[in-house]
Amino acid sequence: MFYQTPLKTAAILLLLTAALVYSLVAGFFGLEVLTEVAILVIVAIALDLVAGYGGMISLCHGALFGVGAYAFASATVLLGWDASIGLALAILTACLFAWVIGAITARTHGIFFIMATLAFGQMGYAYVFESRTFGGDDGLPGVPRLDLSGLGIDLNDSFNFALLCVALATVAYLLAAALLRSGFGRTLVGIRSNELRMRALGLPVWRHKAAAFAISGALAGLAGALAAQHTMFVSPGLLHWTLSGELLIMVILGGLGTLVGAVVGAGLLVFLKHEVARFTEHWHLVVGLVLIAVVLGGGRGLYGQAEHLWERRQAARKAATAAKETPEHA
């Protein structure tokens with residue numbers, strides 16, 4: 001179950017402050033990295049929503065991310081529609097695609113669920129890769145960005161676009177946190193904990209799983225649309241299963257089922273990729289070693305471990321306080 005603890009609040013405020021300060025002191029390359037982190041934070045939150053709290057380990061979120069990117073690119077480049085309409089279409093398309101996946105795979109579990117989501121993702125990748133309409137393996141160039149000139153904001157400026165992505169990542173976190181605190185979120189956690197009991201209570205489990213997947217897909221679609229605007233180009237690689245694997249690594253590194261961990265993991269993975277790549281092209285090896293260390297260290301992730309230690313300390317403090325007060329009442 002999700003609780004907005006003081007530690008979570010402090011961590012989010014610290015990360016947000018760090019992002020804002022970094023945007024002010026970073027050069028062009030730094031702003032590009034910050035934008036990449038903010039976009040991946042959104043889709044990592046989307047994945048943690050279903051994997052960490054719903055128990056549905058997905059290997060198709062890269063495809064949902066790519067569907068959002070291609071929907072935006074198709075609307076703006078191929079159809080010539082306004083970017084705002086393209087953004088809405090990207091979110092809706094990814095949401096519907098995710099709902100279909102969730103509805104079909106809702107009755108599968110474990111490795112079967114993982115492989116089913118992987119199959120859906122790879123079908124999407126294969127279709128886009130072979131489609132001449134979408135440019136095949138050459139992709140689609142010339143993707144425009146949202147026009148906010150009416151508000152005096154030029155999103156072709158890297159600083160402004162980076163701040164927009166950070167703001168939307170913050171909104172995505174707040175929406176996910178609010179959802180998890182609601183009755184729907186509590187039901188989702190209940191399904192993860194004991195699906196058979198929830199079925200026995202008469203709950204339509206598949207509908208809740210499909211709905212959770214749809215909401216997660218909408219967030220992934222938003223991230224995909226932002227990614228298309230960031231690079232102004234889309235390619236089939238956005239739908240490949242390796243991206244889904246990287247997203248899962250982010251969530252595990254930060255802490256599965258913590259929400260804040262998705263933010264930490266996305267930032268850490270992007271940092272490792274760019275910083276380690278300056279010294280060696282085998283940055284995946286370093287990421288693998290870090291992931292092994294996290295798993296062997298308890299599997300809670302970096303933020304998850306910090307939260308675990310904080311909760312233990314709070315529990316010990318309460319126990320000590322209760323022990324001091326007991327003789328007085330006696």
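Each value in this text was obtained by applying a stated rule to the coordinates, not by laboratory testing. Everything numeric here is computed off the predicted structure, so don't read it as measured data. Glycine also receives a Cβ, built like all others from the backbone with ideal geometry; neighbour counts cover every protein chain displayed.
The local environment of D157, defined by Cβ-Cβ distances under 15 Å, has a net charge of -2 under the rule Lys, Arg +1 and Asp, Glu -1. Bridgeable lysines around K209 (alpha carbons under 20 Å apart, same-chain partners fewer than 8 residues away excluded) are absent. Helical content alone sets the calculated 222 nm signal of the chain at -25000 deg cm²/dmol, taking -39,500 (n - 2.57) per DSSP H segment of four or more residues and averaging over every residue.
Net charge within 14 Å of S84 by Cβ-Cβ distance, Lys/Arg positive one each and Asp/Glu negative one each, not counting S84 itself? List each step's numbers first, then the result.
Details: positive: R145; negative: D82, D147.
Neighbourhood net charge equals -1.
Highest mean packing first, where packing is the average number of other Cβ atoms within 10 Å per residue, the peptides 64-77, 249-262, 181-194, 276-289 line up as 64-77, 249-262, 181-194, 276-289.
Amide H contacts for L148 (H built 1.01 Å from N in the peptide plane; partners 5 or more residues away or on another chain; cut-off under 5 Å): L155.
For a quick protection proxy, order the peptides 298-311, 197-210 by their average other-Cβ count within 10 Å, most packed first. If you can, show how the numbers build up before the last one.
Numbers: 298-311: 17.8, 197-210: 14.6.
Top of the packing list down: 298-311, 197-210.
If the cut-off is 23 Å between C-alpha atoms, which lysines fall inside it for K8, apart from same-chain ones fewer than 8 positions away? Within the straight-line cut-off, K8 pairs with K318. Packing here is the average count of other Cβ atoms within 10 Å per residue, and on that basis the peptides 114-127, 24-37, 143-156, 81-94, highest first, run 81-94, 114-127, 24-37, 143-156. Relative to the longest principal axis of the Cα atoms of the chain, helix 6-25 runs at roughly 30 degrees.
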